[in-house]
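Asks: Take a look at the following structure, please.
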Amino acid sequence: MFKNERSLAQWLIEAIKACNLSSVRIPKESYEDILTKHFGSYAPMIIAKPDIILVVRDYRRIVDELLLIAVELKYFRKFEKKSWKGAYREVGQAPRYYVYGFDSVVLWHVFEGGVL
């Protein structure tokens, strides 16, 4: 269905934008620019970057006005010979985003139909 995780991410970004949610924004800037612009913080350069970054208005304002959310996608295609161990081996990547200042992290496994 999708060529790779990047094409899946692009499709999801367009689907989120189509929902026209006023409290959710998908920035075009880099992570470093987002952190500097919205939070006034210096952002260290990170090697692994999330597939999707969301900036969401925090209505409860528990910490501040915005939540920075990292979405990490793992896409499993029907005819791909990717090991099922990969579904578990790469789990550690998403929690690392907390170290870089993300408020929430999502690890999203997407399986193409008929993959089993």
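The values are calculated or read from the model by the stated rules, or taken from the named source; none is laboratory data. For clarity, every value in this text was computed on a predicted model and none was experimentally measured. When we count neighbours, we look across all protein chains shown, and the Cβ atoms used for this are built from the backbone with ideal geometry, even at glycine.
Asks: Just to be sure before I move on: is Lys78 modelled with pLDDT under 85, in contact with an Asp or Glu (Cβ under 6 Å, 6 or more places away or on another chain) and exposed (fewer than 14 other Cβ atoms within 10 Å of the Cβ) in the structure I sent? Walk me through it before giving the result.
Replies: On the way: modelled with pLDDT under 85: yes; in contact with an Asp or Glu (Cβ under 6 Å, 6 or more places away or on another chain): yes; exposed (fewer than 14 other Cβ atoms within 10 Å of the Cβ): yes.
For Lys78, the condition - modelled with pLDDT under 85, in contact with an Asp or Glu (Cβ under 6 Å, 6 or more places away or on another chain) and exposed (fewer than 14 other Cβ atoms within 10 Å of the Cβ) - is met.
Asks: Suppose we keep only residues that are among the β-branched types (Val, Ile, Thr) and closer than 20 Å to His109 by Cα within the range 27-56. Which one would you say is surrounded by the fewest Cβ atoms within 10 Å (Cβ to Cβ)? Step through it out loud before you land on a result.
Replies: Applying the first criterion (among the β-branched types (Val, Ile, Thr)) to the range 27-56 yields 34, 36, 46-47, 52-53, 55-56.
When the remaining residues are screened for being closer than 20 Å to His109 by Cα, the result is 52-53.
Numbers: Ile52: 18, Ile53: 21.
Going through the qualifying residues, I end up with Ile52.
Asks: Residues that are modelled with pLDDT under 85 and on the phi > 0 side of the Ramachandran plot: does the range 63-71 have at least one?
Replies: From the range 63-71, those modelled with pLDDT under 85 are 63-65; that's our starting set.
From what's left, on the phi > 0 side of the Ramachandran plot: none.
For the range 63-71, residues modelled with pLDDT under 85 and on the phi > 0 side of the Ramachandran plot: absent.
Asks: Considering only residues that are in a loop (DSSP other than H, G, I, E, B) and in contact with a strand residue (DSSP E or B) (Cβ under 9 Å, 6 or more places away or on another chain), look in the range 50-69 and name the one that is farthest from Glu5 (Cα to Cα).
Replies: Just the residues of the range 50-69 that are in a loop (DSSP other than H, G, I, E, B), to begin with: 50-51, 58-65.
Within this subset, residues satisfying the condition of being in contact with a strand residue (DSSP E or B) (Cβ under 9 Å, 6 or more places away or on another chain) are 50-51, 58, 65.
Details: Pro50: 11, Asp51: 8, Asp58: 28, Glu65: 30 Å.
The extreme case among them is Glu65.
Asks: Still on this structure, I have one more. Exactly one of (1) in contact with a strand residue (DSSP E or B) (Cβ under 9 Å, 6 or more places away or on another chain); (2) more than 17 Å from Val56 (Cα to Cα); (3) not in a helix (DSSP H, G or I) is unmet by Ala9. Its number?
Replies: In the conditions (1) in contact with a strand residue (DSSP E or B) (Cβ under 9 Å, 6 or more places away or on another chain); (2) more than 17 Å from Val56 (Cα to Cα); (3) not in a helix (DSSP H, G or I), Ala9 misses (3) alone.
Asks: Select from the range 1-26 the residues that are more than 17 Å from Glu72 (Cβ to Cβ) and surrounded by 14 or more Cβ atoms within 10 Å (Cβ to Cβ) and list them in ascending order.
Replies: Val24, Arg25
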